[in-house]
Amino acid sequence: MQIRPEVALVVFDSTAAPGAAVYAEGCGEELAGDEVERAIRTYSRRSEATGLATWGAAVVTAPARHRLYRATASRHFLLGAMTNESKRSRDQHVVDIAR
C-alpha cells in the first residue's frame, strides 16, 4: 500500500449471471491508531455474531501477521451480465466520485 496505493474491488451476486457486478477503483491505506480500534471492534462484532472468534487490535498491528486497510473509491463501474448473443458488449455505467 505504501508503494502503490491504487486498489480495485468487485462486489458480485453469485446467483446472478456471470459478469454482472459492481466494480470500483480508488486508493487504499493501512489504518492506524484510533481508526484500528474502531474498525477492529466492528469486525469483531460481525465475527462474533457468526460464531467466530473475537478480534482485538493486537492481532492486526505489528508484529502480528494481519493488518486493517481502508479503500476509498474514486470510480464505480456497474456492468450488466454478458449474454450468449454477444460476448463482446454489455451495458456499462461509469460513475466518477467527486471529492
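Conditions (1) at pLDDT below 95; (2) part of a strand (DSSP E or B); (3) out of contact with any strand residue (DSSP E or B) (no Cβ under 7 Å at 6 or more places or on another chain), marked per residue:
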{"position": "S14", "(1), (2), (3)": "yes, no, yes"}
{"position": "E25", "(1), (2), (3)": "yes, yes, no"}
{"position": "V36", "(1), (2), (3)": "no, no, yes"}
{"position": "R46", "(1), (2), (3)": "yes, no, yes"}
{"position": "T61", "(1), (2), (3)": "yes, no, yes"}
{"position": "T72", "(1), (2), (3)": "yes, yes, no"}
{"position": "T83", "(1), (2), (3)": "yes, no, yes"}
{"position": "H93", "(1), (2), (3)": "yes, yes, no"}
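In the stretch 11-29, of all residues being acidic (D, E) and surrounded by 12 or more Cβ atoms within 10 Å (Cβ to Cβ), the one that is farthest from S74 (Cα to Cα) corresponds to E29.
If you check A53, A32, A8 for being assigned to a strand (DSSP E or B) and loosely packed, with under 14 Cβ neighbours inside 10 Å, only one passes: A8.
The values are calculated or read from the model by the stated rules, or taken from the named source; none is laboratory data. The model shown is predicted, which means the values in this text are computed figures rather than measured ones. Please note: Cβ atoms are built from the backbone with ideal geometry, for glycine as well, and neighbour counts cover all protein chains shown.
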